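One structure coming up, written as C-alpha cells, with questions to follow.
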Amino acid sequence: MNHLSNNELQSLIDGAIMNGERSRLMAHLEECDRCRREIEFHRSVTRVARALPSVKPSANFTERVMTRIAPREQSAWLRWTLNNLGNIFGMIFVLGVLGYFLTTPKLFTFQTSNEPSKLTEALQTYHGLYDNAKTFIVGQAEKLKGNPPAVSAATDETGKIPVMVVSSLLLLVLLDRFVFQRISRVRMR
Amino acid sequence: MHDKDQSIVDRVLAGEKRAYAELVDRHKDKAMTLAMRMLKNREDAEEALQDVFVRAFHALPRFEWKSSFSTWLYRIVFNVCASALARRGEELHRSIDEETEGETFDPPSDLLLPDAQYESAEFATMVREEVERLPSMYGPIFTLFVMQEMSYEEIVNVTGLSLSAVKVRLFRARALLREAVAKRLANDIAELPKEGVQESL
C-alpha cells in the first residue's frame, strides 16, 4: 500500500488540506492504520509543544537592554560631582585643615626656647593682621545691623569650621571652573 | 497585538526612549525561545538577544510595517543567531537537497508507533526534551511554526529560506521528534511487563 507523502501528511496534521483532496485522504486513513497513527501522534506532539512554556531570559534582561540603548541622563553637576568625588573630599580636607590652623593663633604659641623663632614671629604677625581684619569686618557688620560690637570667643571658634569648609568648596569650584577645565581643554587639543 | 506594538513604536520614535522597555517585555520570552532553539546555550542566547533588541531599536526608524513587529524582530533574532552559529563553525544554511517535497513517509518498521497515551505527563516531558534536542537547522522552524503559530509565508520572511525548504525542514523536525519519542515510548512499554512481574513476585 502506498502511504501518504510528506506534504499530505503535514497538511493533515496542520488541518490545511484542500476540500477536493480531503475525501481521498480520509478514505486512505480509514484503510491505513499506520498513517492514521502517524497523524494522531503528530497532532498530539503539536498540541503538547504548543502548550510548552517559553524560555525566559534573566530577570534584569530588559534593564540591561535599556542601559545599552537609553542610559538614564544625569545632570551635568551630578555627573561632575560623581566623577570628582575623591578630589572634592581631598581638597576640602586639605583646605579645611590649612584654614583652621592659619586662623587659630593658640596652636602656634609653642616654642622650645625663650627666644621666639622667626616662624612664630611671622605667624603672630599674620594672626594679628587676621584678628584686626576680623574685628573690623565684624564691627562694620554689627554697625550696619545697629548692634554694639561684641564677638563671642566660643561662637568665633565653633563657627570657623563651617566657614572654612564652605569657602574651601567655593574655592574648589572657582579653581575647577577657571583653571582646571581650561588646562584640560588645552591638554585635549 | 499589532496595534499595541505600533503605538509603543510610535512613542519610541517620538522620543520616549524608555517606552522601548515595554516592547522588550512583550517579545523577550518568545524571542528567547527561538534563540535557545538555535544556539542551545542560555548564556549565548541571552547575549545574542541583547544584541537583537539593541539592533532593532536602532533600526526602528526604518521599519515600514510590511510585516508584524514580531515577524520583523524574529528575522533579526534568526540572523544574529545564524551569525553566532557561523562564528562557532556551525552552518545553518546547509545546501542539502531540500527540494524533496514529494517523498513518501516511510518509517523504519521497528519504530512503528505504539498505542500510547498521548495525554500523559511523561509524554509531555518527552516532547519537551526532544524539542530542545532538535538540531539548529530544524528546531527554529518547528518553534516558529508550532510554538509561535506562524504561517509558512511568515517563516519564509523570517528565515529567508524558500517555501519548499521550510516545509521540508519542518517535516524533518517532525520526523526526528517522531523517531526519538517513538524509541522512548517503545522502551517504556518494553519495561512495563518486567515491572509487573517484579511487583507480582
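Out of the helices (runs of 4 or more DSSP H) lying entirely within region A:1-76, which hold 1 or more residues that are modelled with pLDDT of 90 or more and either among the basic types (K, R) or surrounded by 11 or more Cβ atoms within 10 Å (Cβ to Cβ) (or both)?
In region A:1-76, the matching helices (runs of 4 or more DSSP H) lie at A:33-50, A:61-69.
Can I ask one more? Is there a residue in region B:43-64 that is in contact with a Ser or Thr (Cβ under 6 Å, 6 or more places away or on another chain) and within 14 Å of chain A (Cβ to nearest Cβ)? Give the steps one after another, and end with the answer.
As a first pass, look at region B:43-64 and keep what is in contact with a Ser or Thr (Cβ under 6 Å, 6 or more places away or on another chain): none.
So far as region B:43-64 goes, no, none of its residues is in contact with a Ser or Thr (Cβ under 6 Å, 6 or more places away or on another chain) and within 14 Å of chain A (Cβ to nearest Cβ).
Then there's this: Please go through region B:105-148 and pick out each residue that is modelled with pLDDT under 90 and surrounded by fewer than 13 Cβ atoms within 10 Å (Cβ to Cβ).
Residues satisfying the conditions are B:D106, B:P108, B:S109, B:D110, B:D115, B:Q117, B:E119, B:S120, B:A121, B:E122.
Restricting to helices (runs of 4 or more DSSP H) lying wholly in region A:107-189: which have 1 or more residues that are loosely packed, with under 12 Cβ neighbours inside 10 Å and at pLDDT 70 or above?
A:118-145, A:160-175
Continuing with this model, one more query. Yes or no: region B:14-28 includes at least one residue that is of a type in the set (D, E, K, R), touching a residue at least 40 places away in the same chain (Cβ under 8 Å) and surrounded by 18 or more Cβ atoms within 10 Å (Cβ to Cβ).
Among the residues of region B:14-28, not one is of a type in the set (D, E, K, R), touching a residue at least 40 places away in the same chain (Cβ under 8 Å) and surrounded by 18 or more Cβ atoms within 10 Å (Cβ to Cβ), which makes the answer no.
Now for a separate question. Identify, please: which residue in region B:171-180 is of a type outside the set (F, W, Y) and within 7 Å of chain A (Cβ to nearest Cβ) and is, among those, nearest to A:S5 (Cα to Cα)?
Selected residue: B:R174.
It is to be established whether one or more residues within region B:152-170 are more than 7 Å from chain A (Cβ to nearest Cβ) and among the aromatic types (F, W, Y).
yes
Quick test of your reading of the structure: B:G15 fulfils all but one of (1) under 30 Å from B:V127 (Cα atoms); (2) small (G, A, S); (3) not in a helix (DSSP H, G or I). Name the failing condition by number.
Going through (1) under 30 Å from B:V127 (Cα atoms); (2) small (G, A, S); (3) not in a helix (DSSP H, G or I) one by one, B:G15 breaks only (1).
Does region B:53-75 contain at least one residue that is outside the structural domain of B:M150 (by TED's automatic domain parsing), in contact with a Phe, Trp or Tyr (Cβ under 7 Å, 6 or more places away or on another chain) and among the charged types (D, E, K, R)? So that I can check it myself, show each step before the final result.
Quick first cut of region B:53-75, residues outside the structural domain of B:M150 (by TED's automatic domain parsing) only: B:53-75.
From the residues that got through so far, the ones that are in contact with a Phe, Trp or Tyr (Cβ under 7 Å, 6 or more places away or on another chain) too are B:57, B:63, B:72.
Checking which are among the charged types (D, E, K, R) leaves us with none.
Among the residues of region B:53-75, not one is outside the structural domain of B:M150 (by TED's automatic domain parsing), in contact with a Phe, Trp or Tyr (Cβ under 7 Å, 6 or more places away or on another chain) and among the charged types (D, E, K, R), which makes the answer no.
Here is a follow-up. Can you pull out every residue in region A:1-16 that is farther than 14 Å from B:K167 by Cβ and more than 9 Å from every other protein chain (Cβ to nearest Cβ)?
A:M1, A:G15, listed by residue number.
Follow-up question, since we're still on this one. How many residues does region A:44-73 contain that are facing another protein chain (nearest Cβ under 7 Å) and either touching a strand residue (DSSP E or B) at 6+ places or on another chain (Cβ under 9 Å) or without any contact (Cβ under 8 Å) to a residue 24 or more places away in the chain (or both)? Walk me through how you get there before you give the answer.
Residues of region A:44-73 facing another protein chain (nearest Cβ under 7 Å): A:44-46, A:48-50, A:52, A:54-58, A:61-62, A:64-66, A:68-70.
Those left that are additionally either touching a strand residue (DSSP E or B) at 6+ places or on another chain (Cβ under 9 Å) or without any contact (Cβ under 8 Å) to a residue 24 or more places away in the chain (or both): A:44-45, A:48-50, A:52, A:54-58, A:61-62, A:64-66, A:68-70.
Going through region A:44-73 one residue at a time, the tally reaches 19.
Turning to a different aspect of this structure: What is the residue count in region A:32-59 for residues that are over 16 Å from B:E179 (Cα atoms), under 51 Å from the mean Cα position of the chain (by Cα) and of a type outside the set (A, V, I, L, M, F, W, C)?
Number of matching residues: 7.
The values are calculated or read from the model by the stated rules, or taken from the named source; none is laboratory data. Remember, predicted model here, so these are calculated numbers, not experimental data. Positions of Cβ are generated from backbone atoms using ideal geometry, with glycine treated the same way; all protein chains shown enter the neighbour counts.
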